[in-house]
1. Give me the tail of P(r) for region B:8-89 as a percent: Cα-Cα pairs with distance above 17 Å.
2. So if we plug the beta-carbon distance of B:K90 and A:I80 into 1/(1 + (r/R0)^6) with R0 = 41 Å, what FRET efficiency do we get, rounded to 0.05?
3. If R₀ is 41 angstrom, what is the calculated FRET efficiency for the pair A:S60 and B:K42, using the beta carbon separation as r and rounding to 0.05?
4. Return the tail of the calculated pair distribution for region A:11-83, meaning the percent of Cα-Cα pairs more than 13 Å apart.
5. From largest to smallest, what semi-axes in whole angstrom does region A:123-192 give when each is the square root of 5 times an eigenvalue of its alpha carbon gyration tensor?
6. Per-residue ellipticity at 222 nm for chain B, helices alone: DSSP H runs ≥ 4 residues times -39500 (n - 2.57), over residue total, nearest 500 deg cm²/dmol?
7. Looking only at B:L13, B:L24, B:L78, which one moves most when chain B is put into a Gaussian network model with springs between Cα atoms under 10 Å?
8. Could you work out which residue, out of B:R20, B:R62, B:R11, moves most in a Gaussian network model of chain B, that is, has the largest mean-square fluctuation with Cα springs under 10 Å?
Amino acid sequence: MSEVQRRKYSQEEKTAIFDGEFMPHIDSMYNFAFRLTFDEDDAKDLVQDTYMKAFRFINSFEQGTNAKAWLFRILKNSFINEYRKKSKQPAKVDYQEVETFYNSDDVDYQSTTDLRAESVKDMLGDEISNALNALAVDFRTVIILADLEGFTYEEMAKILDIPIGTVRSRLHRARNLLKDQLKGYAQSMGYNTDEEEED
Amino acid sequence: MEINDQASGERKLQCDDVNRCFQLLESILDGELGETGKEVLKEKLAKCQPCFEHYHLEQAIRDVLKTKCTKQPVPNELADSIRQMIKESK
Ligand SMILES: [Zn+2]
């Protein structure tokens, strides 16, 4: 934890913060953990581990600040530092590798997707979910944080320890990759993906 | 944010600056520009076909992610086991 230790909470205060500000986020935490690990037991361990750390370092949490973002940051760091090492599945793309390859904030927005908004709207939850799960962990992470959990760029920058410009560009790339996945579904479902034709 | 469609005939078919426009549209959709974004958005969507299409696709993607992405049910015993672990660690 890099946060400055502000002051010590009493046992009662600790319990109040833990129950009142930390525990209400357990659903979001578990979903994030599950989408990172794809395994129920691993997700449970990761969430438990995160809450243990949150309790141990509770004095570095400033009451009234964004507890959810604070918890997500701990979970993300636990995942990278500990979980990933003992993970059975070697991830295809590593956080570090992605940093090296994609650290540039310059993005070419020119890329054309012939995916139509209409065909996206018709897709099923499972198709969306599978498309998201198919993305490399860095890209999956920013979409989960932004679209499923509603974090702002600034909050994401803190959770991921990256500049806001990198949040924006990574999110843009992630959504483009997601569009490629969805395009595959749209085509297999026989939706019209050709922009030239009108309905 | 609901934006009314206008006849596409009034829009130019080439975007003057795709990089800047699309980045702006995406920031607006992500809620990063607040009220100032709304005016810019209205203008772009009314005048530029590529911006119009990009906006609606990006909005659809965000909507389905927000509303359709299946949530993994949290195991019942998880909250209790966390509370138990905390109790034991005190
Ligand atoms: Zn434009």
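1. For region B:8-89, the fraction of Cα-Cα distances above 17 Å is 60 percent.
2. Numbers: r = 28 Å, r/R0 = 0.69.
The computed FRET efficiency comes out at 0.90.
3. On the way: r = 44 Å, r/R0 = 1.08.
About 0.40, to the nearest 0.05.
4. 61 percent
5. Taking √(5λ) for each Cα gyration eigenvalue gives 26, 11, 9 Å.
6. Helix-only estimate at 222 nm: -21500 deg cm²/dmol.
7. Looking only at B:L13, B:L24, B:L78, the largest GNM fluctuation is found for B:L78.
8. B:R20
Read-outs: derived from the displayed coordinates by stated rules, not from any lab. Predicted model only: the values in this text are computed from it and were never measured. Reconstructed Cβ throughout: ideal geometry from the backbone, glycine too, with neighbour counts over all protein chains shown.
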